[in-house]
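Only one structure is covered here, and it is reproduced in the block below.
No lab work stands behind these numbers, since they all come straight from the coordinates. Keep in mind it's a predicted model, so treat the numbers as computed, not measured. As a convention, Cβ positions derive from the backbone with ideal geometry for all residues, glycine included, and neighbour counts pool all protein chains shown.
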Amino acid sequence: MTKLPTAIKLHKASKTLELQYAPDEVYHLSAEFLRVHSPSAEVQGHGKPILQFGKIGVGLNKVEPAGQYALKLTFDDGHDSGLFTWEYLYQLARRYDALWDDYLAELKAAGKSRDPNESVVKLVL
């Protein structure tokens, strides 16, 4: 059975989405985290996810219900495709730390940065 949040709050100043499932089960997901884990085809690709980078300052403009099964998130970089199902959001929330660590490792391996104004240069000595 899909676990539904009992409360959803968009915190624009801190650029986070708060999901509460129980009084003692509250998650704060950064807009950057949600953007780089978007379920859209642009991010997920066709079978192989496409690494998103340069999203450190991204925020959320709008959070809207999509029927009874998902949320549509509109990011301030213009990205608004892909529906975050309740199940997907819950999995992102529960696995936040591991997914974030994996993302940072992928960025490092690809020589990319979270900062859109920064380039990573690898020196071979």
message = If I ask for residues that are without any contact (Cβ under 8 Å) to a residue 40 or more places away in the chain and surrounded by 14 or more Cβ atoms within 10 Å (Cβ to Cβ), which ones from the stretch 38-48 would you list?
response = VAL43, GLN44
remark   = Here the residues within the stretch 82-108 that are surrounded by 15 or more Cβ atoms within 10 Å (Cβ to Cβ) and small (Gly, Ala, Ser) are GLY82, ALA93
ask   = Taking the stretch 72-81, which residues are closer than 12 Å to LEU34 by Cα and either crowded, with 16+ Cβ neighbours inside 10 Å or not polar (S, T, N, Q) (or both)?
value = LYS72, LEU73, PHE75, HIS79, ASP80
ask   = So, of the residues in the stretch 20-56 that are among the polar types (S, T, N, Q) and in contact with a Lys or Arg (Cβ under 9 Å, 6 or more places away or on another chain), which turns out to be farthest from PRO5 (Cα to Cα)?
value = GLN52
remark   = Across (1) within 17 Å of TYR103 (Cα to Cα); (2) exposed (fewer than 15 other Cβ atoms within 10 Å of the Cβ); (3) not polar (S, T, N, Q), ALA31 clears everything bar (2)
